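Where a number appears in this text, it was derived from the coordinates with a stated rule and is not lab data. Because the structure is a prediction, the values reported are computed rather than measured. Positions of Cβ are generated from backbone atoms using ideal geometry, with glycine treated the same way; all protein chains shown enter the neighbour counts.
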Amino acid sequence: MGPKIRGSTRRKREEDDDYVKTGGKRRTRGKGKYIGAHVRIAGGIWKAVEECVEMGGRSFGMFLGPKRSWKRSPLDPESAARFQAELFLRGIDPAHVVPHGSYLMNCGSSKADVYRKSEAMLVDDLHRCSLLGLSLYNFHPGSTTGSITTEECTKNIAKAINFAHRQVPGVITGIQMIHVTKNSLCDSYAPISSAQTKSVLENMCCQGGTVGGKFSELRNIIDRVRDQSRVGVCIDTCHAFAAGYDLAAKGGFKRMLNEFDCEVGLQYLEAIHLNDSRGQLGCKLDRHEDIGRGYIGISAFREIVNEPKLNNIPMILETPTRRGFTFADQIDLLYSMYGRRNTHMQCGSLKIEQSQGRETGSGGAWSKNFSALRSHPQEMPVRLLESGLKAKGEKTVLQPPNFLCMKPRSSSVVKPHSWSEQLRWDPGCPCRDLKWRLSSHKHTPLTLRRLLINT
């Protein structure tokens, strides 16, 4: 028996094991936080795992077939076995994988043909989850389409869920025997346990006749499901904001979570969809935006990432990734905010608070929260600032930011070569400030110094 492995040597070996499992990416990020993104299954469903690892994710969502078609080819058992093998080898817990249902599904429909096809698709997707060893399946509840009441719609949704649960009683999970060869990643597969798939209802934005925008509507569906241990909820931040839950306000997410606990119960919360919103509060529009570039703002996502009640819950991005702001960039940004409080910035007599969306100090409109982290002059935070100034009779011109980026553990100063590079700088870099020059019609320049990272 060899000597005991202690201290730094033991930690180093554990890190090396983690390094191999994650395909070359060391896991030094938020403990208990499983952030990822919605990935593709093109080329084989197991490719979704590879894409997740490549972008640095620890959870992911995916479609199980075409998202806008009723027709789909059956899932090959060999592909399903390979998917499970990839999860095992990459160290991703199947409980942190949340497949998404087709957009065509409407289990609350009053039309017999649409309801029948939606019910069949729900059964098929749960069966696919069973083959893949996944215990969660997320889908949009349904819509009244203006032909029935919300009460009748919730009854239809619960009826479809009860039927699907009877058809697919359990999920095969776990891999006991894996043989890696040149030609096959998984030569033989053996189930070691079984669990039941949960039907995870997603909150909606109250657009049209959609059901689930109010937490009380989700509760009504759950109350009608026979086996309530097999039903859960996924909260989409964009949908909640569009439905009227003010996540942008200080403490807004915590208040929404408390309301959810009272109406539904935190025991039903199974996943979070992390999306900023292109629409304003209560707009009832499902318009996703990249993190920090919409009306919800970066401070709200800092609050979400640091919420202890969300530990061990998959948090999945469904953002549009505009202007090169990739999923990998946004995952890095969210993990960089873990453990960091909302900061404030000081510029002369102006105190600009990230966590406040109102004017402070004596600077008037200039001292508004300028949430321009990674923003482009034509994007939402800048347009909001400019519109506010125009309302007060002032005209502004935004000039490119003038800042220097100091690389970690290096004395060299790097100037970005283009505007796009300035927007894509590493959020983990210990830069101290970002200068935005704003000029009014009186040609009075004002530079706002923004502390981006609370070091």
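Please report the antiparallel percentage of the DSSP beta bridges confined to the range 28-336, to the nearest 5.
Looking only at bridges with both residues in the range 28-336, the antiparallel portion is about 20 percent.
Per-residue HN-Hα couplings for the range 321-334, Karplus 6.51 cos²θ - 1.76 cosθ + 1.60 at θ = phi - 60°, whole Hz, x for Gly and Pro?
Those phi angles translate into 6, 7, 6, x, 7, 6, 4, 4, 4, 6, 5, 4, 4, 5 Hz.
Can you run the Rg to Rh ratio on the range 28-336? Use alpha carbon positions and the Kirkwood inverse-distance Rh.
On the way: Rg = 18.7 Å, Rh = 19.6 Å.
A ratio of 0.95.
Please give the length that would be gained between Ser216 and Asp76 if that part of the chain were fully extended, namely 0.36 nm times their separation in residues minus their C-alpha to C-alpha distance (nm, one decimal).
Details: separation 140, 0.36 × 140 = 50.40 nm, distance 3.93 nm.
The Ser216-Asp76 span can extend by a further 46.5 nm.
Any idea how far the Cα center of the range 103-131 sits from the one of the range 63-87, in Å?
16
Which length gain, in nm to one decimal place, applies between Gln167 and Ala328 when the Cα-Cα distance is subtracted from 0.36 nm times their residue separation?
Working: separation 161, 0.36 × 161 = 57.96 nm, distance 3.80 nm.
Going from the current span to full extension adds 54.2 nm.
Please name which of Pro308, Gly146, Gly57 has its Cα lying farthest along the dipole of the range 28-336 towards the positive end, using unit charges on Cβ (Lys, Arg +1; Asp, Glu -1) and the Cα centre as origin.
Result: Gly146, furthest along the dipole toward the positive end.
Quick one: which residues, 5 or more positions from Ile291 or on another chain, have an amide H under 5 Å from its amide H? H modelled 1.01 Å from N in the peptide plane, none for Pro or chain starts.
Those lying under 5 Å, H to H, from Ile291 are Asp276.
Can you give me the distance in nm between label points at Asp261 and Glu151, each placed 7 Å from the Cα along the Cα-to-Cβ direction?
Each label point lies 7 Å from its Cα, and together they span 3.2 nm.
Considering only C-alpha atoms, what is the centroid distance from the range 239-300 to the range 153-169, in Å?
Their Cα centres are 27 Å away from one another.
Under the rule of at least 5 residues apart or a separate chain, name every residue whose amide H is placed under 5 Å from the amide H of Gly142.
HN-HN under 5 Å from Gly142: Val211.
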